[in-house]
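The values are calculated or read from the model by the stated rules, or taken from the named source; none is laboratory data. All values reported here derive from a predicted model rather than from experimental measurement. Quick reminder, even Gly has a Cβ in these numbers, built from the backbone with ideal geometry, and neighbours come from all protein chains shown. Protein only, heavy atoms only, side chains kept; ligands, DNA and RNA dropped before computing areas. Shrake-Rupley method; radii C 1.70, N 1.55, O 1.52, S 1.80 Å.
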Amino acid sequence: MHLRNWLLLVICCGAAAATFVRAEQSDSGRQVLLADDGFASLGDGTIGGASADAAHVFFVRTRAELLAAINAGPTGAPRIINVDGVIDFNVDDNNRPLTCTDYYRDGYTREAFLAFYNPAGPWGPNPPANTAGSLEAARLASAAAQSARVRMRVPDNTTIIGTDTRATLRGAWFDLRGATTARRRNIIIRHLAFEDTYDCFPAWTPNRNADGSWAGTGDWDSEYDSISLRETEQVWIDHNDFRDRVTVDSTLPTFFGGKYQIHDGLVDITNASDRVTVSWNRFVNHDKVMLIGSSDNAPGDVGRLRVTLHHNHFENVGQRAPRVRYGQVHVYNNYYVIPDEVYHGYSWGVGQQPVPVASGIYAENNFFRTVKSVTPDQFIAAFTGGRGIFVAGTMHTGTVDDKDVDPLADYNAVRDPDLARSVGWEPTAVRWFDPTRRIPAFVEMHAGPFRW
């Protein structure tokens, strides 16, 4: 099924004309993932809410309307939710904006928390304790108040799609969460902009020296992803835009030697989720992009976490594009733009690959455009249990324009131990490959909402 679209001309108050693209709803909301388009196309495929009846096709303009559409009965009924315009999630029931201070509970303030748990003070370099009446308990209560506003539990058989290029979700956490005995399944999320998903109440963990003294630094860890998958399968995430705008990391303060990090991942796929295709998205101005597999000890992930990433645009991101444990992850025809050597940690994270399980990243025909100081060996990082990564067809524009490179050979030349080139499996669900040389222009032109 081909999407049809037209341009609407909007003229307001004598100002210059502006254009936006609008999709014909009879087509876009009912489009399904085509055969052989990545792991989400396997088995029954992924159709989302394509079979929804008229009573379950919704147009939403506020958080309250979106919540009502998600909760509309009966449970599991196919539904199409069309997002029209900008929806803020840090709002009250009357759609009035909420700031972090509006979520404060039980005497919590950031200033009081910092003063009490200062590692150089009486509390010392110890993690905050969640005891009755403590400021840590108050932080958790405050975090729960924000979570109740920003978290959306997306049900089975759902398509959530933007109506046009204005469709934006600010501060949202789409939580696709099943259970071992009742997995979440069959969800499509397309043509949306996700902006500034942030956690007002990150958790503090001080770093300590071997003798127990404070090492002068620590970590602030936040909770919310723009989209997270747990015990979920048959998911297509396509033609979206994920980025930080107002809350970019460069604006965040530092406390106790650690950046006060209010962001987590953009799309995290964990806890035995399976059969996922992530295609034609833009990931911009964010540190942690995509974690696939959340633990080095997760036997339930074996044979699952099958994910395809193709034709995505990663620009000015720090790490996890993606980082993989256990899963079979096909990464092909993606475009990586790395303008800052300091901010970039790595792109492909090679994690737990238990013997004899066939798992790992299979990376083909990807293109990297970087500053000159970034070299191909820096595209890869190895973590606990990582044994290998398949890499072929990579091109790099850095010191030399459009050069064929072998990031794995370069990595093995400067780091020990070596990573193997074999991962024990090969992709099958692939509609087509584009030549690597075409990727920058092709992905820049077509990745993101309503850029066909």
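General observations
- Carbon and sulfur %, accessible surface of the chain computed with the full protein complex present, 1.4 Å: 52
- Förster-model FRET efficiency, 25 Å R0, ASN297 and ASP402, C-beta, rounded to 0.05: 0.05
- Dipole orientation for the range 395-452: of the candidates ALA441, THR399, TRP452, TRP452 has the Cα lying most toward the positive pole (charges on Cβ; Lys, Arg +1; Asp, Glu -1).
- Exposure check, 1.4 Å probe, all protein chains in place: PHE442 carries approximately 50 Å² of accessible surface.
- Residues in the range 93-107 reached by a label modelled at ARG61 [backbone nitrogen below 17 Å; 7 Å Cα→Cβ]: 94-97
- For the range 344-452: rounded, prolate or oblate by the Cα gyration tensor [a/c cutoff 1.5]: oblate
- Here is how the number arises for the chain: DSSP H runs of 4 or more residues each give -39500 (n - 2.57), the sum is divided by the residue count, and the result at 222 nm is -3000 deg cm²/dmol.
- With each label modelled as a point 7 angstrom along the Cα→C-beta vector, the ARG105-MET445 pair spans 5.1 nm.
- Sorted peptide list for 239-247, 429-437, 284-292, criterion being average Cβ within 10 angstrom, highest first: 284-292, 239-247, 429-437
- 3J(HN,Hα) couplings calculated from phi for the range 392-405 with the Karplus curve 6.51 cos²θ - 1.76 cosθ + 1.60 (θ = phi - 60°) are, in sequence order, 8, x, 7, 10, 9, 10, x, 6, 10, 6, 6, 9, 6, 9 Hz; Gly and Pro show x.
- The 1.4 Å probe gives accessible areas that order GLU315, GLU223, GLU231, largest first, as GLU223, GLU315, GLU231.
- Simple label model, 7 Å out from Cα along Cβ direction - ASP93 to GLU426, nm: 5.9
- Taking each residue as 0.36 nm, the span from ALA115 to ARG415 lengthens on full extension beyond its C-alpha to C-alpha distance by 103.8 nm.
- Cα shape, the range 125-193, gyration tensor, a/c 1.5 rule: oblate
- Residue-normalised accessible area of the chain, given per residue in Å² at a 1.4 Å probe: 40
- Among beta bridges that DSSP assigns inside the range 225-360, antiparallel share in %, nearest 5: 5
- Between ALA392 and ALA148, the simple spin-label model (points 7 angstrom out along Cα→Cβ) gives 5.4 nm.
- Listed residues LYS372, LYS259 arranged by accessible area, highest first, probe 1.4 Å: LYS372, LYS259
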